[in-house]
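Comments concern the structure below.
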């Protein structure tokens with residue numbers, strides 16, 4: 001079932017890229033494996049999944065350390081608390097959820113002490129939801145240069161999570177807004193922000209049409225989390 005679901009999601013991404021005139025290879029699928037046991041993750045891996053996304057450090061670290069890492073990549077996609085930065089080590093190729101300059105500085109300092117550079121995305125609250133993490137658009141614009149100057153991290157793009165709505169079209173304006181913010185920051189600061197991480201199970205096709213380079217899909221591949229026999 002996981003293999004079939006994965007193939008279907010990939011086909012839907014492919015169709016969305018064709019609809020919007022994009023190269024299918026310009027979009028990567030992050031298979032969200034939070035609350036999924038290693039056996040099911042291995043099943044997805046066997047079916048061809050190459051990027052897995054976790055949202056809690058305490059759950060992700062044992063999985064990553066236990067699994068063979070050859071040929072796969074791990075992304076951190078959840079809210080990152082400052083006191084958990086020390087556990088990142090070199091486990092994650094990309095952190096999607098840097099939501100403040102203070103957090104970015106913490107990661108940068110940690111990575112400098114380890115003599116490495118961490119790729120990150122900046123999380124933006126484009127919808128203005130008070131319950132959502134992420135910087136306000138104006139905050140991003142004002143601080144973008146400061147982010148780009150930090151040593152120890154490499155800012156590769158932006159991420160957002162729009163409000164959930166059963167109609168995926170409701171997310172389009174938020175995805176479009178993130179793309180516009182990216183373009184504005186690139187132009188004003190003469191930097192490159194290639195990655196746009198946006199779109200989940202209920203709206204990833206719309207996200208692809210609006211320029212997503214990374215979509216984060218879990219439920220459409222593994223099913224509802226409660227249906228998984230966690231071990």
(request) Express the C-alpha Rg of region 2-226 as a ratio against the empirical globular expectation 2.2 N^0.38 Å, rounded to two decimals. (result) 0.97
(message) Using Cα springs under 10 Å in a Gaussian network model of the chain, which residue among 173, 216, 68 shows the largest mean-square fluctuation?
(response) 68
(request) Sort region 1-66 into rounded, prolate or oblate with this rule: let a ≥ b ≥ c be the square roots of the eigenvalues of the Cα gyration tensor; rounded if a/c is under 1.5, and if a/c is not under 1.5, prolate when a/b is larger than b/c, oblate otherwise. (result) prolate
(request) Kindly state, as a whole number, the per residue volume in cubic angstrom of the convex hull around the alpha carbon atoms of region 104-231. (result) 137 Å³
(request) For every helix of n ≥ 4 consecutive DSSP H residues, a contribution of -39,500 (n - 2.57) applies; sum these over the chain, divide by its total residues, and give [θ] at 222 nm rounded to the nearest 500 deg cm²/dmol. (result) -12000 deg cm²/dmol
(request) Pairs of Cα atoms under 8 Å, at least six residues apart: use those to get the relative contact order of the chain, whole percent. (result) 21 percent
(request) Using a Gaussian network model of the chain whose springs link C-alpha atoms within less than 10 Å, name the residue from 105, 114, 54 with the highest mean-square fluctuation. (result) 114
(request) May I ask for the Kirkwood hydrodynamic radius of region 32-109, worked out over all distinct Cα pairs and given in angstroms to one decimal? (result) 13.0 Å
(request) Quick one: order 75, 40, 165 by neighbouring beta-carbon count within 10 Å, fewest to most. (result) 165, 40, 75
(message) What is the distance in Å between the Cα centroid of region 65-115 and that of region 145-211?
(response) 19 Å
(request) Once you have a ≥ b ≥ c as the square roots of the Cα gyration tensor eigenvalues for region 69-133, tell me rounded if a/c is under 1.5, and otherwise prolate or oblate according to whether a/b is larger than b/c. (result) oblate
(message) Can you give me the Kirkwood hydrodynamic radius for region 152-199, using every pair of distinct Cα atoms, in Å to one decimal?
(response) 11.7 Å
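Each value in this text was obtained by applying a stated rule to the coordinates, not by laboratory testing. Because the structure is predicted, anything quoted here is derived from the model rather than measured. Here Cβ is always computed from backbone atoms with ideal geometry, including for glycine, and neighbour counts include all displayed protein chains.
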